[in-house]
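Following: one structure in structure tokens, then a few remarks.
Read the figures in this text as sums done on the coordinates, not as results from a lab. As the structure is a prediction and not an experimental result, all values here were calculated from the model. In this analysis, Cβ positions are derived from the backbone assuming ideal geometry, glycine residues included, and neighbour counts consider all displayed protein chains.
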Amino acid sequence: MLKSRIIPVLLIHRGGLYKSINFKDHKYIGDPLNAVKIFNEMYVDELVILDIDATKLEKPPNYKLIQNLAKECRMPICYGGGINNTQQVERIIQLGVEKVAISNALINNPRLICEAKDKVGSQSLVAVLDIKRHGLLNKKYYIYKNNGSIKTNLDILEFSKKLESYGIGEIILNSIDNDGKQIGYDFEMSDSIIPHLNIPITLLGGAGNFSHLHQANKKYGIIGLGGGSIFVFKGKYRAVLIQYPNEEEKDLILTN
């Protein structure tokens, strides 16, 4: 039976693992390969690794790191960062990565999906949408690019539907406002999108405890439950500790 996936999302910054708050105030977590080794022992459903420097600094994907991560991982892995064309997508898949996450390139050219899906299949393509709200009473959500530094005027729902029509396999809805705050997912944002799509969705931004994961699973059914801080920090002082729910905890999270 299909169940929601519980997904740690790791950020590569300056060559190491970092965790941000509102896409700023990055805190060093450790070495990416060491983190993967620890998660291997925890039977993680899936792992997302995003190089947040690559696109912003106009650098290509770090293929050596991707190859090392793919060799080490014993769970499905999704990698993103610096991807601008189909050739890069193909190469990353050939290195042993199951999914490729794309953000900026799709905002600039969503038809990239059409070409890439013919090469690697829709199931291997993931769109990451970094979303920020504006206004307190009449809230409106905007997609940002370049690691949250540039606002676009794209309508979130319209753009998501376009990505779906072109053949994207999955969309990660990433809340800039809730990123790193551990206050729970932005359901108001996800409610405006999820009911209108028919592809897998992963929520990201705000998960701080297992009850937040349970709430999202209960609300939406089968969904990706993404998180950063919840899997790398412990306690109010944010001590670095890589963790993941055990089987009993997973059952509680995924029970409706």
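Points to keep in mind about this one:
- Remark: TYR244, TYR79, TYR43 ranked as TYR43, TYR244, TYR79, counting other beta-carbon atoms within 10 Å and listing the fewest first.
- Under 16 Å from a label point set 7 Å out along the Cα-to-Cβ vector of ARG14, no amide N atom of the stretch 205-236 is found.
- Computed label-point distance, nm, for sites TYR63 and LEU136 using a 7 Å Cα→Cβ extension: 5.2 nm
- In the chain, Cα pairs under 8 Å separated by at least six residues give a relative contact order of 18 percent.
- Kyte-Doolittle at least -0.5, axis length at least 27 Å by Cα - qualifying DSSP helices, the chain: none
- Spin-label model distance (nm) - TYR237 vs LYS219, 7 Å beyond Cα toward Cβ: 3.2 nm
- Sites matching trypsin sites (Lys or Arg not before Pro) across the stretch 131-181 that sit in DSSP coil, with at most 14 neighbouring C-beta atoms within 10 Å: LYS139
- Peptide packing: for 202-208, 213-219, the average count of neighbouring Cβ atoms within 10 Å per residue gives the ranking 202-208, 213-219, highest mean first.
- Where the alpha-carbon atoms of the chain are placed on the principal axes, they occupy 47, 42, 40 Å, in descending order.
- Reachable lysines, given that their alpha-carbon falls under 22 Å from the alpha-carbon of LYS56 and they are not under 8 places away in the same chain: LYS19, LYS24, LYS27, LYS64, LYS99, LYS132, LYS145, LYS151
- Computed [θ] at 222 nm, helices only, for the chain once each DSSP H run of length n ≥ 4 contributes -39500 (n - 2.57): -8500 deg cm²/dmol
- Across the stretch 195-203, computed HN-Hα scalar couplings (Karplus, 6.51 cos²θ - 1.76 cosθ + 1.60, θ = phi - 60°) run x, 9, 10, 10, 10, x, 10, 10, 8 Hz from first to last residue, x flagging Gly and Pro.
- Spin-label pair ASP25/THR255, simplified geometry with 7 Å Cα→Cβ offset, distance in nm: 3.5 nm
- Loop trypsin sites (Lys or Arg not before Pro), the stretch 1-42 (other Cβ atoms within 10 Å of the site Cβ: 15 or fewer; DSSP): LYS3, ARG14
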